[in-house]
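Data block below; observations after.
The values are calculated or read from the model by the stated rules, or taken from the named source; none is laboratory data. Since the structure is predicted, the reported quantities are computational estimates derived from the model, not experimental observations. Every residue, glycine among them, receives a Cβ derived from its backbone with ideal geometry; neighbour counts consider all protein chains shown.
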Amino acid sequence: MNDLFSTPQAKTAAPKSAAKPGNPSETRGNNAPALSVSEISSSIKRELETRFDRVRVRGEISGLKRAASGHIYMSLKDENAVLSVICWRGQASKLSVDPQDGLEVIVTGRITSYPGRSNYQIVIDSMEVAGEGALLKLLEERKKKLASEGLFADERKRAIPFLPEVIGVVTSPTGAVIRDIMHRLSDRFPRRVLVWPVLVQGEGAAEQVAKAIDGFNALDPNGDVPRPDTLIVARGGGSLEDLWAFNEEVVVRAAANSKIPLISAVGHETDTTLIDFASDRRAPTPTAAAEMAVPVRAELIGEVQNIGRRIYAGANRLMSERRMQVEALARGLPDPRRLIEEKTQRLDDRVERMRNAMRGFLRHQTSELSELSARLPHPKQQILLASHQLSALSDRFAGVGEQIVPVRQFEMEKLDSGRRMASAAALRLERAKNTLTSLDRVLEGVSYKNVLKRGFSVVRGTDGNVLTATDISDGTKLNIEFAHNAVIEAVAGGEDIASGPSGSQAPKMPSKTSPKTSPKTSKKKKSETADTAQGSLL
């Protein structure tokens, strides 16, 4: 280094004798020009960048800092030295490894210096984990972190649909994985498959896989591109470094947040990635994932046919048992038609007995009313009798008065007795009227004329007796009584009254309507009879 920054004048021979510091003779003998700090720093910077154009350095990350501008500052150290490291913002987003303190990595970049602090540093553009042991350590730490957040909990996992209509596959479109999945699906149960092509390893693979999972979940179920019912994230086998994209947090979080049930099929059976813990179900191989996604169509058809045969046989057996039970129960039951005939006959008997009872009741009430009327004297007769008794009593008092008391006193007593007798006769007459009125109401209550007012009629023969349907034959002369004492004379015929023999002849109707007694005539005769029987009180 001294030779590099020396000048021709500096190469002149120097005296062999050692000079003491501060010796003026020695200071005067040194002719080398003085360099500025910037000049020497620039020379060192050029030399470093020329000699160490592109280097790979291995070390442990220490003092990691992320600036607000997006740049990353850290140090690489080993047992004996420390090297400053810078990763600019444009390259920081492209690193395949998320730098963390304590992680042993291998970085690639160029050596340069920072004159402002008089130190040298390496500006990196790539980073990789140094060795599989470091990767496993990082994987274990990340697994613990995500598990503590509950992303691997069993209660988050959803059941895979039994028979999905659409299956979404996230994988490389050119590998053998997609062909194995399609072939297995076509053998078991052909379904519609949507493939989202992604990188499955290398830089940017994790972001593409996460975007594919989120993209399938964002599809509209009723849109032009149908939303899958099941997702398969698949990749073939490889080393830990090859499968590292499926251990990234962005992929694990996308799988855990997927609303669509997800099957992970990354690597072979012995390969395990973090997406296997976050998915709803893990398949050892992509082919096994296709087998988990759909059932075997031929087995389903056979099972359905077997169930159909069992249902048919069970239904026949059940129908036979029920038929035998019904037949056994039917043998213990009487014929329904006989039951109906007996009930019909009993009903006719009850109707006939009720009619006879009604006629007997009416006759009994009428006879009682007649007897009651016969036992009661007529009010006129009672008044006439009371008048005779009063006259007789008056005559007796008149004869006695002439003998005992003066005429004036006798007249006063006679007048007083006459007033009391008149009052007693009037009271007795009023009671008799009230009794007659109540009896008339009872007679009116049990009278059949109230039934006639409700639209019924009474059929009598020429002798005045009431006839029933069994008493009437063709040619019988009838007197039909309606309400208000209206009586119609008719002759019974053998034809249907509703329509005649052929429906064209009119029914036989009475030739004339002749009420036997009009209301006015009846009222007049009743009045005359009453006057004749009662006589006049005046």
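Remarks
- Test: residue in region 294-301 that is surrounded by 10 or more Cβ atoms within 10 Å (Cβ to Cβ), out of contact with any Cys (no Cβ under 8 Å at 6 or more places or on another chain) and over 30 Å from ALA265 (Cα atoms): no
- From the list ASP224, ASP220, ASP125, the one residue that fits, being outside the structural domain of PHE277 (by TED's automatic domain parsing), of a type outside the set (Val, Ile, Thr), surrounded by fewer than 18 Cβ atoms within 10 Å (Cβ to Cβ) and over 13 Å from ALA290 (Cα atoms), is ASP125.
- Looking across SER387, SER320, one residue alone is part of a helix (DSSP H, G or I), hydroxyl-bearing (Ser, Thr, Tyr) and in contact (Cβ under 8 Å) with a residue 12 or more places away in the chain. It is SER387.
- Residue within region 148-158 that is crowded, with 18+ Cβ neighbours inside 10 Å, in the same structural domain as SER279 (by TED's automatic domain parsing), out of contact with any Asp or Glu (no Cβ under 6 Å at 6 or more places or on another chain) and more than 26 Å from VAL97 (Cβ to Cβ) present: no
- Answer from ALA432, ALA422, ALA392, ALA398 - the residue that is part of a helix (DSSP H, G or I), at pLDDT below 80 and of a type in the set (Gly, Ala, Ser): ALA398
- Residue in region 259-271 that is in a loop (DSSP other than H, G, I, E, B), of a type in the set (S, T, N, Q), modelled with pLDDT of 90 or more and crowded, with 24+ Cβ neighbours inside 10 Å present: no
- The number of residues in region 167-188 being surrounded by fewer than 18 Cβ atoms within 10 Å (Cβ to Cβ) and not in a helix (DSSP H, G or I) comes to 3.
- Subset tally (residues that are farther than 18 Å from LEU467 by Cα and either surrounded by 11 or more Cβ atoms within 10 Å (Cβ to Cβ) or in the same structural domain as THR468 (by TED's automatic domain parsing) (or both)) for region 327-363: 3
- Identity of the residue in region 71-95, among the small types (Gly, Ala, Ser) and modelled with pLDDT under 90, that ends up surrounded by the most Cβ atoms within 10 Å (Cβ to Cβ): ALA92
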